[in-house]
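The values are calculated or read from the model by the stated rules, or taken from the named source; none is laboratory data. Fair warning: this is a prediction, and the values are worked out from it, not measured in the lab. Quick reminder, even Gly has a Cβ in these numbers, built from the backbone with ideal geometry, and neighbours come from all protein chains shown.
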Amino acid sequence: MIQLLLDNRDLFITGFLHTILLFVLAGLGALVLGTLLAAMRVSPVPALRLLGTGYVTIFRNTPLTLVFFFFAFAYPRLELVDVSFFTRAVLALAMYTAAFVCEVVRSGINTVDVGQFEASRALGFTFSQTLTTIVVPQAIRSVVPPMTSVLNSLLKNTTIAAGFSVLEAGQITPALSERGAPLLIGMFWIAVGFGILVVPLTATQRALEKRWSVAR
Amino acid sequence: MSAPATADPPMIRMVGVHKHFGSLHVLRDINLDVARGEVVVVLGPSGSGKSTLCRSINRLEPIDEGRIEIDGTPLPEEGRALARLRADVGMVFQQFNLFAHKTIAENVELAPVRVRRISRPDAHAAAMQLLTRVGISDQADKYPAQLSGGQQQRAAIARALAMRPKVMLFDEPTSALDPEMVQEVLDVMTALAREGMTMLVVTHEMGFARRAAHRVVFMSDGEIVEDSAPDQFFTAPRSERAKDFLGKILTH
């Protein structure tokens, strides 16, 4: 079993490195975009609220493969900036995941007592200051477990990029079969790889929960 | 106590203010002036609209009709102008509403640094001074949840004062406190009144109204029913509703 891993280490290393890169870039993008969307959805400006709600409705209800199809086939026809498959995969994952991040952040915002908003507004903070200084730092504490789940899904969703010519961990199996290697063992090692990737996520969740349960 | 002599305009002016919650008419034609340096206590049974009146002054409750001015400036709609005006109006809440994720000192410094753009060391020094003044400087590095209710409310008063407000609004500041903690908060408020702060106080504390108020405003069913000096209000109320209210609270 180990022999298969060693013989094809080039495949496994490139595959998982791309998976990690996809995950980190799409994750950061989704966190930033999702938090902005959540801010829009709770803002006092009706147009922003509508925009945020529209985005979430569209992206949350579209299968991820369809989002990938859009970026793989429809995007080039729009004749915008020409970008690599990898970048398009990051965009597809980030935009899709942002909808879920938005809803997690928003539910976190809803757990913050309305008195915190009022006190902040009464002191003269603007809406964005209220969100960034008072509300989101408190909301984050209650969203650590569901946010970890969202990022977990993102990690697994990166495999869909395999179907669109991005060499990541999901591409390892088909590549192995071309080399005539036993598939079952290959899949076993891929599962182990993902298992290892999840560990730092879960560890981060534990650490954050522990830290914030004390400092309150 | 008589109201100090004043120059125009009044610190708070409400003219023909109406407010509805759905079909409930919670403020009915409110007309009220509070002069600079004046302490006005708003009394009334629960549901009389006194909290809503207090909260409408810095637009935590938008009104449906009428006009509100702070120091001669009409209350702006949402946006930066409103935030600027709110910075000049201190507010103390029934539930304290201290920022749960910040220490007591940070609670007091935050708005001066972020809104007034005062340097952090200066803001910290001012915060410690205020915390000393309200008697909780030894609690500066604790989180709100580690303090008693009375200490939290005194911290909230310090937080509001840190903005050097022109006027202070108190929305039932002692109603959520255990009885033994009421006095420490009232003492801070009384001292503030003596120093000449303009205050509008919604409360059930009759002792404070007698001692510290220049005027008592009595509300019932969304209306201002009486507006008189404390002595006159407590000894010779004019309206039946005020007599009824005083009868209920002064007998026990």
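Key figures for this structure:
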| read-out | value |
| --- | --- |
| Which listed residue, of A:200, A:146, is assigned to a helix (DSSP H, G or I), surrounded by fewer than 18 Cβ atoms within 10 Å (Cβ to Cβ), in contact (Cβ under 8 Å) with a residue 12 or more places away in the chain and at negative phi | A:146 |
| Condition met for residue B:81 (at pLDDT below 95 and at the interface with chain A (Cβ under 7 Å from one of its Cβ atoms)) | no |
| Matching residues in segment A:102-152 - criterion: being among the aromatic types (Phe, Trp, Tyr) and closer than 19 Å to residue A:52 by Cα | A:127 |
| The lone exception for residue A:141 - which of (1) part of a helix (DSSP H, G or I); (2) closer than 30 Å to residue B:168 by Cα; (3) within 13 Å of chain B (Cβ to nearest Cβ) it fails | (2) |
| Tally, over segment A:80-115, of residues that are buried (at least 16 other Cβ atoms within 10 Å of the Cβ), within 20 Å of residue A:24 (Cβ to Cβ) and among the small types (Gly, Ala, Ser) | 5 |
| Selection from segment B:95-107 of residues that are touching a residue at least 60 places away in the same chain (Cβ under 8 Å) and either at the interface with chain A (Cβ under 7 Å from one of its Cβ atoms) or under 20 Å from residue B:12 (Cβ atoms) (or both) | B:95 |
| Set B:132, B:103: member being among the polar types (S, T, N, Q), surrounded by 18 or more Cβ atoms within 10 Å (Cβ to Cβ) and out of contact with any Leu (no Cβ under 7 Å at 6 or more places or on another chain) | B:103 |
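Residues checked against (1) within 14 Å of another protein chain (Cβ to nearest Cβ); (2) surrounded by 24 or more Cβ atoms within 10 Å (Cβ to Cβ); (3) touching a His at 6+ places or on another chain (Cβ under 6 Å); (4) within 30 Å of residue B:248 (Cβ to Cβ):
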position: B:88; (1), (2), (3), (4): yes, no, no, no
position: B:124; (1), (2), (3), (4): no, no, no, no
position: B:137; (1), (2), (3), (4): no, no, no, no
position: B:144; (1), (2), (3), (4): yes, no, no, no
position: B:153; (1), (2), (3), (4): yes, yes, no, yes
position: B:156; (1), (2), (3), (4): yes, yes, no, yes
position: B:183; (1), (2), (3), (4): no, no, no, yes
position: B:206; (1), (2), (3), (4): no, no, no, yes
